[in-house]
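Comments concern the structure below.
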Amino acid sequence: MEKYMLPCLNKKLFGVDCLGCGMQRSIVLLLKGEFSAAFHMYPAIYPLMLLLAFIGFNFFIQFKNGKSIKVGLMIFTALTMIISYVIKMKVHFN
């Protein structure tokens with residue numbers, strides 16, 4: 001499965017990771033059952049999975065505050081992605 005992963009265009013062109021770098025490898029680690037390694041590879045994997053699961057459930061079952069929950073999960077996921085990216089870049093450039 002690893003040999004079919006798409007390369008990061010941002011990293012290839014500019015030599016710098018993007019916000020999504022590590023997501024594919026993290027998904028592979030999840031499928032292998034390596035949950036801790038998946039988190040270390042891409043910390044936003046669990047908020048992202050929670051968001052996708054909620055969107056899937058909300059498609060079939062309408063929740064009373066579904067829109068607010070969805071927006072909250074989106075903000076939490078985006079913040080997790082940004083904070084982990086900033087930390088990764090700070091470690092990378094120091």
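Grab the stretch 2-93 and count how many Lys pairs have their alpha-carbon atoms under 23 Å apart, sequence gap of 8 or more, or different chains. Provide the component values of the computation, followed by the final result.
Numbers: Lys3/Lys11; Lys3/Lys12; Lys3/Lys32; Lys11/Lys88; Lys11/Lys90; Lys12/Lys88; Lys12/Lys90.
Final tally of qualifying lysine pairs is 7.
Which distance in Å, rounded to a whole number, links the C-alpha centroids of the stretch 80-94 and the stretch 1-36?
16 Å
Sketch the reach of a paramagnetic label on Ile82 as a point 7 Å from Cα along Cα-to-Cβ, and name the residues of the stretch 16-55 whose backbone nitrogen lies under 20 Å away.
17-23, 42-52
What number, rounded to the nearest 500 deg cm²/dmol, is the helix-based mean residue ellipticity at 222 nm of the chain, given -39500 (n - 2.57) per DSSP H run of at least four residues and division by all its residues?
Working: 5 runs with 67 residues, N = 94.
My calculation for the chain gives -23000 deg cm²/dmol from helical runs alone.
So what is the relative contact order of the chain, in percent, for Cα pairs below 8 Å that sit 6 or more residues apart? Display every interim value, and only then the final one.
On the way: 62 pairs, mean separation 22.7, N = 94.
Taking the mean separation of contacting Cα pairs over the length of the chain, I get 24 percent.
Please report, to two decimal places, log10 I(q)/I(0) for the chain at q = 0.16 Å⁻¹ as given by the Debye formula with identical point scatterers on the Cα atoms and no solvent.
Here the Debye-derived log intensity ratios amount to -0.77.
Counting other Cβ atoms within 10 Å, keep those with at most 14, restrict to DSSP loop, and tell me which chymotrypsin sites (Phe, Trp or Tyr not before Pro) in the chain are left. List each step's numbers first, then the result.
Working: sites: Tyr4, Phe14, Phe35, Phe39, Phe54, Phe57, Phe59, Phe60, Phe63, Phe76, Tyr85, Phe93; in loops: Phe63.
Here the chymotrypsin sites (Phe, Trp or Tyr not before Pro) that fit, given the DSSP loop and packing criteria, are Phe63.
Step through the residues of the stretch 74-85 one at a time and calculate ³J(HN,Hα) from phi using the Karplus curve (6.51 cos²θ - 1.76 cosθ + 1.60, θ = phi - 60°), rounding each to whole Hz and writing x for Gly and Pro.
Calculated HN-Hα couplings, in order: 5, 5, 4, 5, 4, 5, 4, 4, 5, 5, 5, 5 Hz.
Where a number appears in this text, it was derived from the coordinates with a stated rule and is not lab data. All figures in this text were calculated on a predicted structure; none of them were measured in a lab. Please note: Cβ atoms are built from the backbone with ideal geometry, for glycine as well, and neighbour counts cover all protein chains shown.
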